[in-house]
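Below is one structure; the comments refer to it alone.
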Amino acid sequence: MDGAMTALPLVFDAPRRGTPPRHLADLTREEARAAVADLGQPAFRADQLARHFYRGVTDPAQMTDLPAAAREALTEALLPGLLTVVRHQTADNGRTRKTLWRLHDGALVESVLMRYPGRATVCISSQAGCGMACPFCATGQQGLTRNLSAAEIIGQAVAAAAAMANGELDGGPGRLSNVVFMGMGEPLANYARVRKTLDALLTPAPHGLGLSQRSVTVSTVGLVPAIRRLTEEGRNVTLAVSLHAPDDELRDTLVPINTRWKVQEVVDAADAYAKRTGRRYSVEYALIRDVNDQPFRADLLGTLLAGRLAHVNLIPLNPTPGSPWDASPLPAQREFVARLRAAGVATTVRDTRGQDIDGACGQLAASDAAPGVPSVAVPTPSVEPPVELGAEGDQ
Ligand code: SAH
């Protein structure tokens, strides 16, 4: 554990930087109708704008159901462009695409769209940077720039849905089916905006993307009070908890928030969520060579999780620049899986989509460097059953 990692402070409160311009997606339906009325337009135009927004229409000229004279003013006031594409990078034969976005204040974030047989998943960012300081994560090493607004988060999913509908990924037109909050940032540290985003993702068209609850995954380092709050919301989205160690001693160093909320508290909170929703949660565990991949740790994890409504998702570590750590070798991975399964814990190994474009889990560290320079990073969300290790299920 010695080595290059500098301990960063934990940061909960995002720096207050200029809020992005007001956007329809930040508003409730009632607020949007009122805003349209303020512009001297009939309130139902808010619904027309929503329909365009969630279909990914950004060009006022295409909004032919709005009076030509009002289009510009309405879009300017309620659909300002918040996300500008800096670049797309594709991998996996055109089936994975990472997008680097520039926000109104110059902050950069990334999202990654991944197409699989029968589904398409986008991994979105909830913050620019991250304050959770996990030493193996590229985003964690950047520190926190700011929280994203709801519209900035929702916009990433809308763009992905439009990209699928327009056949921008190899394989022709398709449908966005899954969203995972595994991009940059700690979603539960930006709770209110993430909650609004969940509304937008789950609300049927035309006022949302109409995704199913089980196909939306919120991933957290384990902010226990926020997990409890989410439990009370009554939504049944999938919860993923980034555990990475079964024991407090190691987890204190790998996931520094553990110094605040311990392993036991985190799994207890996740259990309560699972009990309320009736749905298994996922335990994320990046396998790091000789750090957390020992057989005794597999046994500890098995003991910790046996009998709980948990499913373990192992992620071979995606090494980040400057990190002394590496992924566990395949035999160690196999042994880890075997021990967990022997303990009766459902276990899969995540595929590593987008690794060569630094688009895999924990690699997102948005920068504007030239493509090919290993500096941009986005976490890899979607889980694909690993061929070699034999997996079951996914999120
Ligand atoms: N902050 C949230 C979501 C973002 S990260 C969270 O921590 O859950 C998404 C997943 O990628 C998390 O499970 C995270 O621990 C994992 N991850 C981070 N860095 C990684 C790396 N270098 N290799 C593999 N997984 C990593």
Problem - Residue match in segment 263-270 (condition: open to solvent by 10 Å² or more (accessible area, probe 1.4 Å) and under 21 Å from the mean Cα position of the chain (by Cα)) - result: no
Practice task
Check off (1) closer than 20 Å to Pro187 by Cα; (2) assigned to a loop (DSSP other than H, G, I, E, B); (3) in contact with a Lys or Arg (Cβ under 8 Å, 6 or more places away or on another chain) for Arg235 and give me the number that stays unchecked.
Solution key: (3)
Completion exercise
Every listed condition ((1) crowded, with 20+ Cβ neighbours inside 10 Å; (2) within 20 Å of Gly210 (Cα to Cα); (3) more than 23 Å from the chain's Cα centre (by Cα)) holds for Tyr54 save (3)
Exercise for the section: Output yes when any residue across segment 125-148 is touching a helix residue (DSSP H, G or I) at 6+ places or on another chain (Cβ under 7 Å), more than 12 Å from the ligand (Cβ to nearest atom) and outside any strand (DSSP E or B), and no when none is. Expected result: yes
Exercise for the section: Give me the pairs, please: first residue somewhere in segment 291-320 and within 16 Å of the ligand (Cβ to nearest atom), second residue anywhere and of a type in the set (Lys, Arg) and open to solvent by 10 Å² or more (accessible area, probe 1.4 Å), beta-carbon distance under 7 Å, and either six or more positions apart or on two chains. Expected result: Ala310/Arg280; His311/Arg280
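Any idea which of Arg87, Arg71 is out of contact with any Leu (no Cβ under 6 Å at 6 or more places or on another chain), open to solvent by less than 50 Å² (accessible area, probe 1.4 Å), over 22 Å from Ser149 (Cβ atoms) and not β-branched (Val, Ile, Thr)?
Arg71
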Practice task
Taking only segment 359-387 into account, find how many residues are farther than 15 Å from Asn313 by Cα and at pLDDT 75 or above.
Solution key: 2
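Which of the residues belonging to segment 333-362 are part of a helix (DSSP H, G or I) and surrounded by fewer than 22 Cβ atoms within 10 Å (Cβ to Cβ)? Before the answer, list the steps.
Step one: filter segment 333-362 for residues part of a helix (DSSP H, G or I), giving 333-342, 355-357.
The answer is Gln333, Arg334, Glu335, Ala338, Arg339, Arg341, Ala342, Gln355, Asp356.
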Fill in the blank from the handout: Log entry, pairs with first residue in segment 188-210 being more than 14 Å from Ala50 (Cα to Cα) and open to solvent by 40 Å² or more (accessible area, probe 1.4 Å), second being acidic (Asp, Glu) and in a helix (DSSP H, G or I), beta carbons closer than 8 Å, six or more apart or on different chains, reads Arg195/Glu233; Lys196/Asp26
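The values are calculated or read from the model by the stated rules, or taken from the named source; none is laboratory data. Owing to the predicted nature of the structure, the values given are computational and were not obtained by experimental measurement. Using ideal geometry, Cβ is built from the backbone for each residue, glycine included, and neighbour counts are taken over all protein chains shown. Only protein heavy atoms, including side chains, enter the accessible area calculation; ligands, DNA and RNA are left aside. Shrake-Rupley method; radii C 1.70, N 1.55, O 1.52, S 1.80 Å.
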